[in-house]
Each structure stands twice: as C-alpha cells, then as structure tokens.
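Worksheet: the structure to be examined is printed underneath.
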Amino acid sequence: MIAVAVLSLLSCAPKTPEPATPLVQAKPHAPMNPVAVTGVTDEQLQQILDVSWDNTMRRSPLWATQLGDHRFDDQIGDASEAAIFESRRQERRVMERARALDPASLNAADALTRELFIFSLEQDVNATVCEFYQWSLSPRGNAVVNWNYLPELHRVETVEDGQNLLKRYQAIANAVDDEIDNLRKGLAAGRVSNAQTVQKVIEQIDTEIGQPLQEWTLYAPIAEAHPEWSEDERSAFQAEMTATISEQIQPAFGRYLDVIRDEILPAARGPDAVGLSALPDGEACYAALVSRYTTLKEDPAVLHQIGLDELEKIHAEFAAIGGRALGTSDLARIFEQLRTDSALYFETAEQIEDKAASALAKAEAAIPGFFGRLPKAKCEIRRVPEYEAPYTTIAYYQQPNPDGSKPGEYYVNVYAPETRPRHEAEVLAFHESIPGHHLQIAISQELDALPAFRRYDGQTAFVEGWALYTERLADEMGLYSGDLDRLGMLSFDAWRASRLVVDTGLHQMGWSRVQAEDFMRENTPLADNNIVNEVDRYINTPGQALAYKMGQLTIWRLRREAEATLGDAFSLPGFHDVVLGAGAVPLPVLERRVQQWVESQHKGSTGGE
C-alpha cells in the first residue's frame, strides 16, 4: 500500500450554505504556477487548475514542502472545522467552473485533463458525506502518529529550515486541540470509531508519549549536529525546540489521549457494529467510497461475488503449486503449513531487510526488458518506525520528492520477525517497489508534460491495481526464486480477492469483525497478526481495499484483449508505456486509452489508413 502524505489536510468538512462568492477567486499573487498548468493550452482551464492547485498547496503546506513548493514551510495547515468548511467550498466552486467549460472548445489533451479534474473533485465532494474528520481514528491515522512524520517531511539543513520547523512545531498543539474539538462534534452527532481500534490507538499513544522526550520521534531534529551552524544558532534551535515539545506538544498529546480514553472509548462501537452501516449516512458514505476507490459504478454485491469467484480460481492454483512445493494439494493443509512451519519464517530483522534489498535489486536489473520508460528516481529500503510497527500493515511505500531531495522509500515491517513469512517477502517487495508502486509513481511524477494534479495525485484503483498486476508480471519476468515464493504470490492474490468479500461484508452486509477475520483465515494463508491488522484497516478505511483487485483485473483484461487483437504485433513494453503514460487515471479512461493504442497499432501492422 501507499503511505499518502499523512499531514495534508483533506477537504472533509460538513456541508454549509454556499456564500455568494466568485466561482474561482484570483490568487494573491498574479503569475501562474507553471507546474500547475504544464501541458494545458486553454487559458480558462489554466486559470482553473492554477487556482485549484494553489488552494491545495495552501491547505496542505506539508505536501507543498514535499513537492518543492517552499512558500508555506513555516505552516502546518488548519484542522479546524471552519477551515474544513472553507476548503470544501473552494472545491465545489472550482468544480462548477470546470463543469461550465465547454469540452468541445478544447483540444483532446485539455479535454482529457478537464475530465480527470472534474472526476477527482466529484469523488472528493461526494465522500464528504462520510464526515471522517469527526470520528476516524486508527493506528495509522491519529494526531500523534501523523505529527511524528513531520521531521521526515521537513528536513533541516539551513538555519532557516530550522526556524520554519520550529514554527511548525509551535502550531501542533493548536492543531491537536482542533482534532479534539472535531472528535467531540462527531461524538455529539453519533459518529465514533469502534472500540477495538480505539483501544489500539490508546495503547499506541500511551507507549509513544510515555517515553523520555529524547526518544520521541519529534525530538530527532534536535539531536542533529549541523556543524555548519554557529554555536549560538545550534543552542537556540535546540532550546526552543525542546521547550516547544515539553511545554506545548507533550501536554496537547496528553489532552488528546485523555479525550480518546475517557470520552471516545466508552461510546465506541462494539465488534458487531464495526461497519459504516452503524453510522449516520453510512449507506450513502459507502456508496460514495466504492465509486471513489474503484472509479466504477458497481454494486457492492457484485464486488462481493467477484471476490468469491476470484478466490475459487486462486485456490485451484494453490493446489497445483502446493503439490510441487509442499507435497500436498489439500488447501487447508497448504494454508496450515504456510502459517505454522517455522522454517518458512524469518528469524531476524536483518534477514527481512536483506531479502527486501535482494528482491529490489533483481527487479531493477530486469525491468529494461519489459518497459520502455524507466523511472529516474531511486528506491531505497526503510524500516517501519518502531512506534508504528506493532499496529500497522506489513509494508508500505512513500513516493520520492520531485526535486530529488528524497528517494522513493519501501518501508518494510521488521517487528516480530518470527511472524513474517519468507515466502511472501519477494512478492511484497515487487508490489511496493519495482515493478510496482515505485516504478509507477516515480514515472508519473516524471511526466513533465502533465499538470501537477495528474503527476502527483491519482486514482487508487489505478495505483493499487498496477501494483497488484505486477505481482504476477514478476513471475513472467523470472523474478521469483522458486515455487515457495510463487505460493507467496498466490497468498497475496488471495488476500486481495478476499478484500472484495470482507470489505463489502463489513460495510454493506453487516459482518462483525470476527466474521471478517474468520473468512480471511479460511480463504488465505495469511498469518494471524496480518489478518487482525488488515481487518482493522478495512474497518477504518472503508472501500479502499476494493481498489486493488478491480484495478488488477481491468489491466489484465485490457492486456489480454490487446494481445488477442494485435497478435505478433503486440509489444509488452509498449503496452506498459501506454498504461503508465498518462498518470493514475480512472479505469474507464485507462480502458479508452488502451483501446486507442490498440487501434493505432493495428492500423500500423495491417497498413491501414
């Protein structure tokens, strides 16, 4: 999965009446941002995109820093309800202006950009019915964990960098208090997270803030040497940062923990009411999220059945490969051995890192034969931070900074290595790094003929569908070491198919947490710690898990159709380049692009006009 820019404050406030303001307001500064309008020729569309991107950067100053826009390096964004109201108003205004622009007046490239822009905004606006800001809590989404990423997102090299980071630290306590206010508003409206997740968050925060300040993640910049600074500069920075953490941030985190423990937990939902259907507007919320994450208009019941059908096919593959690798074709025995055979699990954190690095190296060597366009940005292995590792997923990816100041990063969870399967290590690396997330996202960021929102943002069904597609592509590329590693590939595919069943079960069909865990235990060989964390994730990020399989199935179908039509004229690198060549687009747009490519290739191979 991808770790998104956790501190970009999203537009998710309650609906309020629209003020009588212009659809698009002029920016405080006159010149257009060239990054925002690259490749766009229509002046009206340029203005719309420029204003929208400027609004986005102002709302999400940490993301702006990551992308190399340093105008807001001393800000953290505003999490108050009033600010969230305003960001939603801005989104709706700019969306209406884009809708009013006649696509017939645009060239083909601009018409596609307008279409993608409107689609993205519509998905965001429709999802506001969920009111996540009022109730969503998880081990990967709470104030303490989110702010712990700040030292990584804001690197300190110069004295000015240090002063800007200090100003950001000084704003954290107020932001935490805003989050407390938002949670209380949700509580009053009947919106609250589920008890098991809340308990995990309490344990996580209690452990983190109970450490000496010098061991806090937020303290890390204070310990950096900065030999190029004067002694006075270093001393002042260290003293002010330490005082801010101890006098402002630590008490704010304490207030946050108290509210979650004393107010939220007693009202939290039980294990039989974990789905969205237990919340106000839950049905409308889930419908919006299904559309947002899959980019399709599918009934959840249809997605549920697709998951069941896919599992039936994957189980047959397990039987075939299990016979060769484990000496049995019995599904239950295969799953039991993959879960319990200690020889199939790691012993040390170093072994996990080494395996990830070797898989990445193999993939880097192989991709020139399968892709025309290759990423310029490098990918590096990192460990999931200790404060997060016991509560989160097995791995995730963070994108590179476009200015080259940070590479793409594959974060691997080395906590409790004896619970981490060896046979899943290669497929995990291929999904998160190359040829999966890193290759796709780095290439997208390097498409310098596209406007910013298409390069740096995109649709989850495309992003995760691509990464899942590459898990089997890796087998074609000869990257798996043997049949045990192919069983890992099948384990991951079964995992993603089961998500279609479990996510819709939880949020549409009223499943309990136990039902969801039992289903995954019966239909996948995933380890229990992974199953528990994954079900927690599906409960707290509804609909997101649907994107993987739907995107993968679409890409494979388009490839098979192209191969059937083009025959010997089919080029796999050419197919991959057209799939990756427009950024992370909705699946219907991807289908249209591939069909146009097939038609052009077919005409070329037959000598047609």
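Please enumerate the residues belonging to segment 408-424 that are within 29 Å of residue 444 (Cβ to Cβ) and not in a loop (DSSP other than H, G, I, E, B). Talk me through it step by step, then tell me what you get.
Just the residues of segment 408-424 that are within 29 Å of residue 444 (Cβ to Cβ), to begin with: 408-414, 424.
Of everything in segment 408-424, those that are within 29 Å of residue 444 (Cβ to Cβ) and not in a loop (DSSP other than H, G, I, E, B) turn out to be 408, 409, 410, 411, 412, 424.
Would you confirm whether or not segment 498-508 contains a residue that is within 19 Å of the chain's Cα centre (by Cα) and more than 29 Å from residue 388 (Cβ to Cβ)?
No, segment 498-508 contains no residue that is within 19 Å of the chain's Cα centre (by Cα) and more than 29 Å from residue 388 (Cβ to Cβ).
Within segment 454-468, identify whether any single residue is closer than 22 Å to residue 146 by Cα, acidic (Asp, Glu) and open to solvent by 10 Å² or more (accessible area, probe 1.4 Å), and answer yes or no.
yes
Could you check, for segment 187-208, whether at least one of its residues is touching a residue at least 24 places away in the same chain (Cβ under 8 Å), under 20 Å from residue 223 (Cα atoms) and open to solvent by less than 20 Å² (accessible area, probe 1.4 Å)?
yes
Tell me yes or no: at least one residue of segment 326-339 is part of a loop (DSSP other than H, G, I, E, B), among the hydrophobic types (A, V, I, L, M, F, W, C) and open to solvent by less than 50 Å² (accessible area, probe 1.4 Å).
Yes, there is a match, as at least one residue in segment 326-339 is part of a loop (DSSP other than H, G, I, E, B), among the hydrophobic types (A, V, I, L, M, F, W, C) and open to solvent by less than 50 Å² (accessible area, probe 1.4 Å).
Name the single residue that is most open to solvent (accessible area, probe 1.4 Å) among those in segment 91-130 being outside any helix (DSSP H, G or I) and touching a residue at least 12 places away in the same chain (Cβ under 8 Å). Break it down into steps so the answer makes sense when it comes.
Applying the first criterion (outside any helix (DSSP H, G or I)) to segment 91-130 yields 101-102, 106-107.
Restricting the remaining residues to those that are touching a residue at least 12 places away in the same chain (Cβ under 8 Å) gives 101, 106-107.
Working: 101: 9, 106: 22, 107: 71 Å².
The qualifying residue most open to solvent (accessible area, probe 1.4 Å) is 107.
Kindly establish whether residue 373 is basic (Lys, Arg), more than 30 Å from residue 205 (Cα to Cα), in a helix (DSSP H, G or I) and in contact (Cβ under 8 Å) with a residue 60 or more places away in the chain. Quick ask: steps written out before the conclusion?
Working: basic (Lys, Arg): yes; more than 30 Å from residue 205 (Cα to Cα): yes; in a helix (DSSP H, G or I): no; in contact (Cβ under 8 Å) with a residue 60 or more places away in the chain: yes.
Spelling it out, it is not the case that residue 373 is basic (Lys, Arg), more than 30 Å from residue 205 (Cα to Cα), in a helix (DSSP H, G or I) and in contact (Cβ under 8 Å) with a residue 60 or more places away in the chain.
Please find, among 274, 290, the residue that is in contact with a Ser or Thr (Cβ under 9 Å, 6 or more places away or on another chain), open to solvent by less than 60 Å² (accessible area, probe 1.4 Å) and not in a helix (DSSP H, G or I). Show your work before the answer.
Numbers: 290 fails: not in a helix (DSSP H, G or I).
Selected residue: 274, the only one of 274, 290 that is in contact with a Ser or Thr (Cβ under 9 Å, 6 or more places away or on another chain), open to solvent by less than 60 Å² (accessible area, probe 1.4 Å) and not in a helix (DSSP H, G or I).
With a cut-off of at least 3 residues that are closer than 21 Å to residue 395 by Cβ, in contact with a helix residue (DSSP H, G or I) (Cβ under 9 Å, 6 or more places away or on another chain) and open to solvent by 10 Å² or more (accessible area, probe 1.4 Å), name the helices (runs of 4 or more DSSP H) lying wholly within segment 513-609.
Values: elements: 513-523, 528-540, 546-566, 572-580, 587-606.
Here the list reads 528-540.
Which numbered condition in (1) of a type in the set (Val, Ile, Thr); (2) out of contact with any Gly (no Cβ under 9 Å at 6 or more places or on another chain); (3) not in a helix (DSSP H, G or I) is the only one that residue 176 fails?
(3)
Please go through segment 144-174 and pick out each residue that is basic (Lys, Arg) and either at positive phi or surrounded by fewer than 19 Cβ atoms within 10 Å (Cβ to Cβ) (or both).
Within segment 144-174, the first condition is being basic (Lys, Arg), and the residues that meet it are 155, 167-168.
Listed by number, the residues that qualify are 155, 167.
Go through the residues of segment 273-290 one by one and say whether even a single one is touching a Phe, Trp or Tyr at 6+ places or on another chain (Cβ under 6 Å) and of a type outside the set (Gly, Ala, Ser). Lay out the reasoning, then the answer.
Initial filter on segment 273-290 (touching a Phe, Trp or Tyr at 6+ places or on another chain (Cβ under 6 Å)): 276.
Still in the running and of a type outside the set (Gly, Ala, Ser): 276.
Yes, segment 273-290 contains at least one residue that is touching a Phe, Trp or Tyr at 6+ places or on another chain (Cβ under 6 Å) and of a type outside the set (Gly, Ala, Ser).
The values are calculated or read from the model by the stated rules, or taken from the named source; none is laboratory data. Computed from a predicted model, the values in this text were never measured in an experiment. Neighbour counts are summed over all protein chains in view; Cβ atoms, including those assigned to glycine, are modelled from backbone coordinates with ideal geometry. When the accessible area is computed, the model is the full protein with side chains, heavy atoms only, and any ligands, DNA or RNA have been set aside. Shrake-Rupley method; radii C 1.70, N 1.55, O 1.52, S 1.80 Å.
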